[in-house]
Amino acid sequence: MALYADLHRHLGGALHPRIIYKFLQRQDHKVLGYFPDYEGFYNWFTRPCRSLEEFVKIHTLVEELQSLEHLPYFCIRLCRGAYTFENLQYLELRYNPYFRTGHDLPSEKRIGQMNEIVEVITQNVRPAEYPITVKQILCLDRRLPENINEAILKVAVDNIGPVVGVDLAGPEIEPEKWEGWVALMAKARAAGLKTTSHLGETGIENVNPAFFNVLDRIGHGIHIPLLRPEWLKDLAKKQITLEVCPTSYRQTGVMENFSQLKTVFSRCKDAGVAIAVCTDNPGRNPSPCTLPGEYERLIDNDVIDFAELKQLQNEGFRSAFGFAGQLRS
Ligand SMILES: [Zn+2]
């Protein structure tokens, strides 16, 4: 049995829609007024969006459900599914701790609650009966003020061990603010964290080469090989891995089909830039969307050759931020 590592999966998009629907029923949640049956909810939840902004809006709903009190419910189900249906040996789960704090609380209190969020997740992502290793990446967000992003970074540093890295997430807005983000990522690295950032997902505007000096991986980055292939040499030299999430680009309206991914994979291969195939938000994709399914789709659409599969799978482990174990097979 092949085993897999997924390095890019959001807690808010990791859960099967059935699990979320059952949770809403248990809570008698008001959103059920719009979705009296599961089918309607499923179609809404997994539909392709026109833009990343539209996609992120639904994500926000799930983030609000994943409060301190309910995180154990979601974490255990997430590990169970990843282990049982996807053969994941290793998973890096990313989330913004601030968005899971009490929404009615003042900002200062919410900042104070973030550490508890990380602790609850740490306790609930190692169920004895599903022996998967889960490490955490905390997401900074382009929509949040500087003091909150600084506070998220501090919580990440305070929890090094279960937390292995930080990410920059949120819609790709305000590319002119790159300097501030680069400084924060440099600070994270100096404190012993690994770094990744959502860049070059919907376009090239927010990719500033200064990021390449402070990142270990890039979330997506697909527009670098597509639009600025001359930068690939630098990525290869700095050993930066791209986290490529095939189905996600269809769901966020970035790509209509997989054919553009052929260019992404072939240019990266030629330049010596590593790619880790990941899932991003598998719960938001039409079922079944699993990591093994993503590999199969790449072969099915002629993006990669079957012979390349094993090396790509290994890349998931090699580029991991916190994988210290032995590859089981
Ligand atoms: Zn993502």
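The table for this structure:
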| item | result |
| --- | --- |
| Cα-based equivalent ellipsoid, the stretch 175-296: semi-axes from gyration tensor eigenvalues, Å | 24, 16, 14 |
| Cα-Cα over 23 Å, subset of K30/K57; K233/K262; K109/K177; K22/K57; K194/K310; K135/K262 | K109/K177; K194/K310; K135/K262 |
| Listed residues Y95, G322, P292: farthest to the positive end of the dipole of the chain (Cβ charges) | G322 |
| Within a Gaussian network of the chain (alpha carbon springs, distance under 10 Å), most fluctuating of T263, T122, T290 | T263 |
| For the stretch 204-251: rounded, prolate or oblate by the Cα gyration tensor [a/c cutoff 1.5] | prolate |
| Per-residue Cβ neighbour rank within 10 angstrom, fewest leading, E92, E296, E201, E69 | E69, E296, E201, E92 |
| Net charge, Y38 excluded, C-beta distance under 13 Å - Lys, Arg +1, Asp, Glu -1 | 0 |
| Normalised convex hull volume, the chain, alpha-carbon set, Å³ per residue | 129 Å³ |
| Dipole magnitude of the stretch 4-318 about its Cα centre (Cβ charges: Lys, Arg +1; Asp, Glu -1), debye to nearest 20 | 360 debye |
| Karplus (6.51, -1.76, 1.60) ³J(HN,Hα), θ = phi - 60°, over the stretch 151-165, in Hz, Gly and Pro reported as x | 5, 5, 4, 5, 4, 4, 5, 5, 10, 4, x, x, 9, 10, x |
| Per-residue Cβ neighbour rank within 10 angstrom, fewest leading, I111, I152 | I111, I152 |
| Neighbour-count order for H198, H70, fewest beta carbons within 10 angstrom listed first | H70, H198 |
| Reduced Cα scattering model of the stretch 22-109, Debye log10 I(q)/I(0), q = 0.12, 0.16, 0.24, 0.25 Å⁻¹ | -0.49, -0.88, -1.39, -1.37 |
| Global form of the stretch 1-42, assessed from the alpha-carbon gyration tensor, a/c cut-off 1.5 | prolate |
| Paired Rg and Dmax values of the stretch 109-243, which use every Cα atom, in angstrom | 15.7, 47 |
| Dipole of the stretch 126-235 [Lys/Arg +1, Asp/Glu -1 at C-beta], most positive-end residue of L199, V164, L227 | V164 |
| The chain: antiparallel DSSP beta bridges as a percent of all, rounded to 5 | 0 percent |
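FYI, it's all coordinate maths here, none of it is from the lab. Nothing here was measured: the structure is a model prediction, and the numbers come from that model. Reconstructed Cβ throughout: ideal geometry from the backbone, glycine too, with neighbour counts over all protein chains shown.
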